[in-house]
1. Which numbered condition in (1) surrounded by 18 or more Cβ atoms within 10 Å (Cβ to Cβ); (2) under 23 Å from R47 (Cβ atoms) is the only one that S162 fails?
2. For segment 350-361, indicate whether the set of residues that are polar (S, T, N, Q), part of a strand (DSSP E or B) and either surrounded by fewer than 12 Cβ atoms within 10 Å (Cβ to Cβ) or in contact (Cβ under 8 Å) with a residue 24 or more places away in the chain (or both) is non-empty.
3. For segment 1-101, give me every one of the strands (runs of 3 or more DSSP E) that falls completely inside it and has 3 or more residues that are under 25 Å from G145 (Cβ atoms).
4. From (1) at pLDDT below 90; (2) surrounded by fewer than 22 Cβ atoms within 10 Å (Cβ to Cβ); (3) under 18 Å from N177 (Cα atoms); (4) not aromatic (F, W, Y), pick out the condition that doesn't hold for L100.
5. Checking the structure you have, find out if any residue of segment 290-299 is at pLDDT 95 or above and under 14 Å from F354 (Cα atoms).
6. Quick one: which of K167, K178, K153, K250 is charged (D, E, K, R) and not assigned by TED's automatic domain parsing to the domain that holds I77?
7. Output the qualifying pairs, or none if there are none: Cβ atoms under 8 angstrom, residues six or more apart or on different chains, first residue in segment 279-295 and touching a residue at least 24 places away in the same chain (Cβ under 8 Å), second residue of a type in the set (D, E) and assigned to a strand (DSSP E or B).
8. May I ask you to list pairs of residues, at least six apart or on different chains, whose Cβ atoms are under 8 Å apart, with the first in segment 215-234 being within 20 Å of N358 (Cα to Cα) and the second being basic (K, R) and assigned to a helix (DSSP H, G or I)?
Amino acid sequence: MASVTFNNVSKHFNEVVAVDGLNIDVVDKEFLVIVGPSGSGKSTALRLLAGLEEITGGEIKIDDIVVNDMAPKDRDIAMVFQSYALYPHLSVFDNMAFGLKIRKINRVKIMRRVNEAAEILGIQNLLHRRPRQLSGGERQRVAVGRAIVREPKVFLFDEPLSNLDAKLRVAVRAEINKLHQSLNTTFIYVTHDQVEAMTMATRIAVMNNGVLQQLDAPQELYDNPVNHFVAGFIGSPAMNFYPSKIRKDKGKLNIVSDSFTLPIPSQWAKPYESYEGKNVIFGIRPENIHDPDFMPANIHTETIEAKVDVKELMGNEIVIHLIAGDNHFVARIDPRSKMDVGQKVKLALDMDNFQIFNPETEETIH
């Protein structure tokens, strides 16, 4: 059993509120990812759990035991930091074994735990080397191995992939996923990279300005964001937003901006009836904007015109930046598309996949 509970947890640094009334229940064996921009409070929340910062208000529980006043060494957690923090004068084996030696674990157990962790991480042949003889990815594996040998109830990861190059990040990300499956324990992982969050998490906690915005499964966050911030943060490239109004014409509701009018399909119109004549924010993801010549089958679309400003060839897709009136937006289209920079083109918007937000509260209108 390794559950974690944040119960109305707050952290103030003088006048700055870093974490504000955080409530999260992490279930046993879950892989929870806390994600948000710099300054959102995600790393502070992790440090509060680890005991590296003192809580201002609320309580944190590990397995229903309040740990607010418990020393970090007594919380039965292990933490992997953004920096590897390896001892340069010690071998890989001694770096991994160091925490066990100071706890006076007997040498036979230390040998077994280090060798088992090295096998899981594929670094058996590196145990005799010094950190300076390792690549960045190998050093990060050693840092993870140092946490594994502790056999903790909860693993904490604070942006562990930030110092790795793009290709290595993908590889190590997959390794951490496999590690979670093999160790079968609770992982709490902090990152600013929403792609990491989407590909690794059982659930994602999205934070902004110290406040939890939404806690949900990755696909639910993507499909049903609760507000403008979550919608814009989850997804790459980010969701497009257009200042608009809801207007009724001949009994049908339309989304009207300075550059287009989009009829709302009748099956989706009911939540927006009370917003007739009001300002709203219309949102649609780049992957739901298509070249009309290469569209998925059986989707309901409306066509708009725009000028291609920038074209990015990605191999498996084309990302195009467009201008329509005062709106700048992005589309991910089929790689066979012939759209080019400077052209005025027609685009098909998937009207079965869009969001509308209240501009005052920034909440999603359901």
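1. Of (1) surrounded by 18 or more Cβ atoms within 10 Å (Cβ to Cβ); (2) under 23 Å from R47 (Cβ atoms), only one is false for S162: (1).
2. The answer is yes; a qualifying residue exists.
3. Numbers: elements: 4-13, 16-26, 31-35, 57-62, 77-80.
By residue number, 31-35, 77-80.
4. The number of the failed condition is (3).
5. Yes, some residue in segment 290-299 is at pLDDT 95 or above and under 14 Å from F354 (Cα atoms).
6. That would be K250, the only listed residue that is charged (D, E, K, R) and not assigned by TED's automatic domain parsing to the domain that holds I77.
7. Cβ pairs passing all conditions: I284/D350; N288/D350; I289/D350; H290/D350.
8. none
The values are calculated or read from the model by the stated rules, or taken from the named source; none is laboratory data. Source: prediction; values computed, not measured. Ideal geometry is used to build each Cβ from the backbone, glycine not excepted, and the neighbour counts take in all protein chains shown.
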